[in-house]
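Derivation of every value follows stated rules applied to the coordinates shown; laboratory data play no part. For clarity, every value in this text was computed on a predicted model and none was experimentally measured. Quick reminder, even Gly has a Cβ in these numbers, built from the backbone with ideal geometry, and neighbours come from all protein chains shown.
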Amino acid sequence: VPVYANEVETENVLEVETESEIEPESGILDTEGPTFQSITVNKTSVGKGGTIEVTMMAHDEISGLHHAEVHFKNAETGTVMHVILHLVDANTGKMVGTHDIIDVYSAGTYSASYVYMLDVAGNEYYAYESELPNVSFEVTNETESSDKEVVDISDFSLNSLSFSKSTVTGGEDIKVTATTSGDFMYLEISFWAS
C-alpha cells in the first residue's frame, strides 16, 4: 500500500545538502538529464481488475537512471492514470512499472500524454504528448479475474514517521522509521525535493 509523504501530516522534515548535482565515482559532474528512447505496453486491451505493464527504454551515461513516471490520459473523459517505473536493468536502461486497473478508470483509450524521468544526480527530463510516440491501450468494462488477494485497508493508519538524521549530504544513508497499525505487506514512502 503506497503512502506518499504529501498525504501524511507530520512535522518531520528531511533536509538534504548537496552540490547542484551529485558527483559520481567517475569524478565527472552530471548536469545532463536522461534521454528517452521508447515506451511500450504489454496489452492493447485490459479489463477492470486487470494489470497493465509499461516498459520504458532510456539512457543516462554518467550518474544513471533513478525512476520515471508515464501519465496516460483518456481523451474522452479526461481520466488520468499515473504509472511509476523503476529501473530493472542499468546496462540497457530498461525501466518497468505495473498499474492495476480499478473501477475509477473509465472505459476508453488511454494514450501516453506525459513522461517524467529523474537520474541519480537529480537531473530531470520531461516530454509531452506531441513529443511522445503513439502508445495506447483500451480499458474495457469487462471484469478480469485476478489472483491477487483483495485487502481491506480501511483500518490502516500511520502513527509516526521519524528519521535517523535531520540533515544528510549527498551519498549518505538515512534510516526512516514508521510505526503503523493494520494488516498490510509493506509500506512505501516517497520524498520529493521542494
Please give the peptides 36-42, 157-163 ranked by average Cβ packing (other Cβ atoms within 10 Å per residue), highest first, as a rough proxy for protection.
36-42, 157-163
Burial-style ranking of 104-116, 84-96, 61-73, 165-177, average other-beta-carbon count within 10 Å with highest first, yields 61-73, 104-116, 84-96, 165-177
